1. Can we say Asp354 is charged (D, E, K, R) and crowded, with 23+ Cβ neighbours inside 10 Å?
2. Given Gly227, Gly202, which one is modelled with pLDDT of 95 or more, of a type in the set (Gly, Ala, Ser), open to solvent by less than 40 Å² (accessible area, probe 1.4 Å) and in a loop (DSSP other than H, G, I, E, B)?
3. Any idea which of (1) open to solvent by 40 Å² or more (accessible area, probe 1.4 Å); (2) in contact with a strand residue (DSSP E or B) (Cβ under 6 Å, 6 or more places away or on another chain); (3) not polar (S, T, N, Q) is the one Met247 doesn't satisfy?
4. Give me the pairs, please: first residue somewhere in region 255-275 and polar (S, T, N, Q), second residue anywhere and part of a strand (DSSP E or B), beta-carbon distance under 7 Å, and either six or more positions apart or on two chains.
5. Scan region 357-372 residue by residue and report those that are under 20 Å from Gln399 (Cβ atoms) and surrounded by 15 or more Cβ atoms within 10 Å (Cβ to Cβ).
6. Take region 56-86 and flag every residue that is surrounded by 19 or more Cβ atoms within 10 Å (Cβ to Cβ) and either assigned to a loop (DSSP other than H, G, I, E, B) or β-branched (Val, Ile, Thr) (or both).
7. Tell me the strands (runs of 3 or more DSSP E) entirely within region 345-428 that contain at least 1 residues that are among the charged types (D, E, K, R) and at pLDDT 95 or above.
8. Of these, Lys107, Lys119, Lys144, Lys112, which one is open to solvent by 60 Å² or more (accessible area, probe 1.4 Å) and out of contact with any Asp or Glu (no Cβ under 6 Å at 6 or more places or on another chain)?
Amino acid sequence: MKILVVGGGGREHAIIRKLKESSKVEALYCAPGNGGIAKDAECFPVKATDIDGMVALAKQLAVDLVFVAPDDPLVLGMVDAMQAAGFATFGPNKAAAILEGSKAFSKELMKKYHIPTAKYEIFQDADAAISYIREQNQFPTVIKADGLALGKGVIIAANLEEAEQAVKNMMEDKMFGDSGSTVVVEEFLTGPEVSVLSFTDGKTVVPMVSSMDHKRALDNDEGLNTGGMGTVAPNPYYTKEIADTCMETIFLPTIQAMQAEGRPFQGCLYFGLMLTPNGPKVIEYNCRFGDPETQVVLPLLETDLVEIMTAISEQKLAELPVVWKDGCAACVVMASGGYPKKYETGLEISGLDDGGQIAGCTVYHAGTKLAEDGKQLLTAGGRVLGVTATAEDLPAALQKAYAGVETIQWKNVHYRHDIGQRALKALQ
């Protein structure tokens with residue numbers, strides 16, 4: 001098969017590396033890709049959101065399948081356009097991608113089908129939202145932009161002043177553009193967070209290995225929220241008993257709800273969960289592989305990813321055993337100094353080794369580009385690299401990942417030094 005992967009970050013690099021392992025793959029293409037992906041797939045400078053340009057590229061390359069990886073093109077309907085042009089696809093269509101594209105839609109769906117989630121209200125008016133927050137007078141409280149906001153559209157306000165500011169920033173100052181025209185105000189849930197990616201063909205749902213993300217920019221979970229500074233898998237808080245509860249109360253009901261709404265979901269559905277004292281609840285859905293969760297989950301996948309994608313497109317996922325490797329994986333994100341706010345780009349990266357630094361270690365490129373000489377790698381984003389290691393247990397995976405990190409440098413490189421520490425405590 002000839003496969004085109006849409007996107008250009010660490011998640012897409014992890015997907016391409018996994019597809020490369022398949023004997024069923026003849027050629028891999030990526031658009032727009034990045035400096036590191038270019039070593040594993042032929043890259044083309046088409047923006048991930050350019051639907052017409054991407055369809056034209058798929059035709060030019062005569063691909064057999066298009067894997068739409070990021071949220072923006074999925075929510076915009078790239079899968080629909082590809083299917084209309086006769087291409088097999090991986091990813092949900094526009095009608096199903098609304099599960100991530102609109103927080104208001106997903107909250108209303110959960111309420112209608114009794115899927116456990118935080119108590120909430122939806123607002124299109126800033127004054128009404130602020131009045132509600134004052135009436136509730138419960139802090140912290142969570143304010144979410146309805147639409148996509150690069151993973152940064154959630155503010156946890158510690159007091160009324162912060163909550164009012166968040167509402168004004170989103171609704172009046174348009175901090176996230178039109179994504180913040182509608183906001184969801186919801187109760188703050190407590191407990192360990194778990195990310196569970198799952199394969200689904202619209203009827204069957206097959207959860208992947210659970211993972212734990214680290215969203216804050218600084219050690220000890222301090223600093224601003226980011227797209228993710230590192231991950232470990234599996235998540236030790238996610239026991240078999242909790243997994244069974246989630247399947248019964250969240251995973252299957254969600255797939256069945258989408259089917260009932262005439263929006264069958266095919267592809268990868270991400271469940272962001274909070275294990276509260278009252279049981280597991282949904283914090284958010286994503287309509288695609290999470291980043292950087294993908295970088296620890298896919299290295300543990302034993303079954304051929306192409307076989308899984310084929311089973312999903314034929315609605316035969318129930319017939320395919322999906323097998324996972326024993327062991328653990330850890331990913332440490334290396335970011336630019338200043339991320340998630342202002343940061344420099346175009347900085348020379350040194351110490352990168354084509355072999356993945358050390359045995360059992362892989363470097364996934366999130367924000368890199370090649371210099372004009374076609375050889376030197378430069379930084380090209382906030383999150384630059386994800387250094388992932390697999391091992392038989394979590395301490396060994398973390399030790400390998402950090403050993404890999406220490407060999408790579410650029411000016412003002414920034415990473416957290418405590419990825420996986422909460423997970424290690426849970427294992428004690």
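1. Working: charged (D, E, K, R): yes; crowded, with 23+ Cβ neighbours inside 10 Å: no.
So Asp354 fails the test.
2. Working: Gly227 fails: modelled with pLDDT of 95 or more.
From the options Gly227, Gly202, the qualifying one is Gly202.
3. So the condition that Met247 fails would be (2).
4. These pairs meet every condition: Gln266/Thr200.
5. Of all residues in region 357-372, those under 20 Å from Gln399 (Cβ atoms) come to 357-364.
Within region 357-372, Gln357, Ile358, Gly360, Cys361, Thr362, Val363, Tyr364 qualify.
6. If the condition is that a residue be surrounded by 19 or more Cβ atoms within 10 Å (Cβ to Cβ) and either assigned to a loop (DSSP other than H, G, I, E, B) or β-branched (Val, Ile, Thr) (or both), then Val63, Val66, Val68, Ala69, Pro70, Val75, Val79 are the ones that fit.
7. Working: elements: 361-365, 368-370, 377-379, 383-391.
Of the strands (runs of 3 or more DSSP E) lying wholly inside region 345-428, those with at least 1 residues that are among the charged types (D, E, K, R) and at pLDDT 95 or above span 368-370, 383-391.
8. Details: Lys107 fails: open to solvent by 60 Å² or more (accessible area, probe 1.4 Å); Lys119 fails: out of contact with any Asp or Glu (no Cβ under 6 Å at 6 or more places or on another chain); Lys144 fails: open to solvent by 60 Å² or more (accessible area, probe 1.4 Å).
When all the criteria are applied, what remains is Lys112.
The values are calculated or read from the model by the stated rules, or taken from the named source; none is laboratory data. On a predicted model such as this, the values are computed, not experimentally measured, just so you know. Here the Cβ is made from the backbone with ideal geometry for all residues, glycine too, and neighbour counts use every protein chain on show. The protein model used for the area step is the full one, side chains on, heavy atoms only, and it has no ligands, DNA or RNA in it. Shrake-Rupley method; radii C 1.70, N 1.55, O 1.52, S 1.80 Å.
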